[in-house]
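S.K.: Provided herewith is a single structure, encoded as structure tokens, for subsequent inquiry.
The values are calculated or read from the model by the stated rules, or taken from the named source; none is laboratory data. Everything quoted here is computed from the prediction, not taken from an experiment. In this analysis, Cβ positions are derived from the backbone assuming ideal geometry, glycine residues included, and neighbour counts consider all displayed protein chains.
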Amino acid sequence: MDKTNKSIQKQDIEAVFQQIIALSLKNDAHFYLIYQSNDQKTSLADLIAEKKLTLFRYINYQIKHTPGLIELDLKNEADQTILKQSIQEFYLDIDPKTVLFAKPRSVYGWIYSVFNAEELAQQLGIVAIQPSNDGKQLLRYFDPSVLSPLLNIFIEGQRKILFSAIHSWLYLNSDGHLIIEKNFQNQCKNFVGHLGIINQQWQQINWIESRNQALARYHFFHPEYSLPESEADCIIMQSFENATLKGYHDKRDLAEYAYRSLVIHPEFIEHPIVIGAINQHLHQSLIKQLQTITPQQWDIVADECIINTKEINNGLM
């Protein structure tokens, strides 16, 4: 996607469409659209009105909106049209303004699997409900804004369980690039879907909402951004570690800390101007503490942090 213009371009949709079609020619597995109906009327909703939606099945866990699978035959022209429309819907869903206002999405991506829709929906539902110290929790791994950072949190064994029933999982990341997560193991069913998520990982998972807000804000206010999602994620997750060590735990403060780390510098919090602003409002939220810093002062913070980093790096050489 053109980073100077985040509007949807027809060539973007066509390029992703052709990538998926090319992959389907090499794959004889079932192809599924991951879809969640909501109250919004869309062109895609009209196209799939007659299609069967096989909902994920959660055991002893109820949520209002449940995603499901719609099988598509990509040799069929009508289903190709559905695929192309779903790609367009996906681009709308990852628009930074859509993410910032937490608008409901309908398209979560696409899956290749050897299993039929009923079998796969059951497996995906099993993995989605995970035990924690607070009881059972819904792990929204089927949402690409969760799946992408989640794969960085999980270890290899957990990723294998997550993808055990699929051949390939496809989605668009926040940069608008098609990501293809492949399972190189044999696809299996009737497995124990317990991922063994430890407390530290649950804490990182709980940060994902703040991560998405910081990333969307970064993309919205800096459409010419140069950091790809993978690099931005490293900075964001480290900023959450730093923020909690300094006593910031509110989700909005975490998002603010991550955003400033992206647009100013990862060490912005150590600059004298920032320290002074924080000391003046010690018992306030980070957002309020930073409100007194002017745009001109932020420029000074950014410039001097960059200079300090260069001097440190040169001293280590």
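S.K.: Filter region 62-89 down to the residues that are charged (D, E, K, R) and closer than 30 Å to SER210 by Cα, then identify the one that is surrounded by the most Cβ atoms within 10 Å (Cβ to Cβ).
M.R.: GLU89
S.K.: Criterion first (farther than 21 Å from SER174 by Cβ, buried (at least 19 other Cβ atoms within 10 Å of the Cβ) and not hydrophobic (A, V, I, L, M, F, W, C)) does TYR108 satisfy it?
M.R.: Taking the combined requirement at face value, the residue does not satisfy it.
S.K.: Give region 150-160 a look and list any residue that's touching a Leu at 6+ places or on another chain (Cβ under 9 Å) and of a type outside the set (Lys, Arg), or say none. Steps first, please.
M.R.: Restricting attention to region 150-160, the residues satisfying the condition of being touching a Leu at 6+ places or on another chain (Cβ under 9 Å) are 150-151, 154, 157-159.
Matches in region 150-160: LEU150, LEU151, PHE154, GLY157, GLN158.
S.K.: If you don't mind, another one. Quick one: is TRP202 touching a Leu at 6+ places or on another chain (Cβ under 7 Å), within 26 Å of ALA128 (Cα to Cα) and in contact (Cβ under 8 Å) with a residue 40 or more places away in the chain?
M.R.: The answer is no for TRP202.
S.K.: Of the residues TYR225, TYR259, only one is surrounded by 16 or more Cβ atoms within 10 Å (Cβ to Cβ), closer than 26 Å to ASP93 by Cα and in contact with a His (Cβ under 7 Å, 6 or more places away or on another chain); which?
M.R.: TYR225
S.K.: Criterion first (under 24 Å from the mean Cα position of the chain (by Cα) and either closer than 22 Å to TYR225 by Cβ or of a type in the set (S, T, N, Q) (or both)) does SER261 satisfy it?
M.R.: When the stated conditions are applied, SER261 passes them.
Yes/no per residue for (1) within 19 Å of the chain's Cα centre (by Cα); (2) polar (S, T, N, Q):
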position	(1), (2)
ALA165	no, no
ILE180	yes, no
ASN186	no, yes
TYR218	yes, no
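S.K.: Among the residues of region 17-41, which ones are β-branched (Val, Ile, Thr) and either surrounded by fewer than 17 Cβ atoms within 10 Å (Cβ to Cβ) or modelled with pLDDT under 90 (or both)?
M.R.: ILE21 - this is the single residue of region 17-41 that is β-branched (Val, Ile, Thr) and either surrounded by fewer than 17 Cβ atoms within 10 Å (Cβ to Cβ) or modelled with pLDDT under 90 (or both).
S.K.: If you don't mind, another one. Restricted to region 69-96, and to residues that are in a loop (DSSP other than H, G, I, E, B) and charged (D, E, K, R), which residue is farthest from SER37 (Cα to Cα)?
M.R.: Per the criteria, the residue is LYS75.
S.K.: Shifting gears a bit: Restricting to region 42-56, and then to whatever is free of Cβ contacts under 8 Å to residues at least 40 places away in the same chain and aliphatic (A, V, I, L, M), can you tell me which residue is surrounded by the most Cβ atoms within 10 Å (Cβ to Cβ)?
M.R.: Here the residue is ILE48.
S.K.: Please go through (1) touching a Pro at 6+ places or on another chain (Cβ under 6 Å); (2) crowded, with 19+ Cβ neighbours inside 10 Å for PHE220 and return the number of the only condition it doesn't satisfy.
M.R.: It is condition (2) that PHE220 fails.
S.K.: Can you say whether ALA117 is aliphatic (A, V, I, L, M) and either over 25 Å from ARG57 (Cα atoms) or surrounded by 22 or more Cβ atoms within 10 Å (Cβ to Cβ) (or both), as far as the supplied structure shows? I'd like the intermediate steps shown before the answer.
M.R.: Details: aliphatic (A, V, I, L, M): yes; either over 25 Å from ARG57 (Cα atoms) or surrounded by 22 or more Cβ atoms within 10 Å (Cβ to Cβ) (or both): no.
Spelling it out, it is not the case that ALA117 is aliphatic (A, V, I, L, M) and either over 25 Å from ARG57 (Cα atoms) or surrounded by 22 or more Cβ atoms within 10 Å (Cβ to Cβ) (or both).
S.K.: Turning to a different aspect of this structure: For region 227-241, indicate whether the set of residues that are assigned to a loop (DSSP other than H, G, I, E, B) and not hydroxyl-bearing (Ser, Thr, Tyr) is non-empty.
M.R.: The answer is yes, given that some residue of region 227-241 is assigned to a loop (DSSP other than H, G, I, E, B) and not hydroxyl-bearing (Ser, Thr, Tyr).
S.K.: Does ILE208 count as touching a helix residue (DSSP H, G or I) at 6+ places or on another chain (Cβ under 7 Å) and in contact (Cβ under 8 Å) with a residue 12 or more places away in the chain?
M.R.: yes
S.K.: From the list LEU92, LEU162, exactly one residue is out of contact with any strand residue (DSSP E or B) (no Cβ under 6 Å at 6 or more places or on another chain), crowded, with 21+ Cβ neighbours inside 10 Å and of a type outside the set (Phe, Trp, Tyr). Which is it? Please lay out each step first, then the result.
M.R.: Numbers: LEU92 fails: crowded, with 21+ Cβ neighbours inside 10 Å.
Exactly one residue qualifies, and that residue is LEU162.
S.K.: Separate question: Give the residue, chosen from LYS52, LYS64, that is basic (Lys, Arg), at pLDDT 90 or above and assigned by TED's automatic domain parsing to the domain that holds SER113.
M.R.: On the way: LYS64 fails: at pLDDT 90 or above.
Only one candidate qualifies: LYS52.
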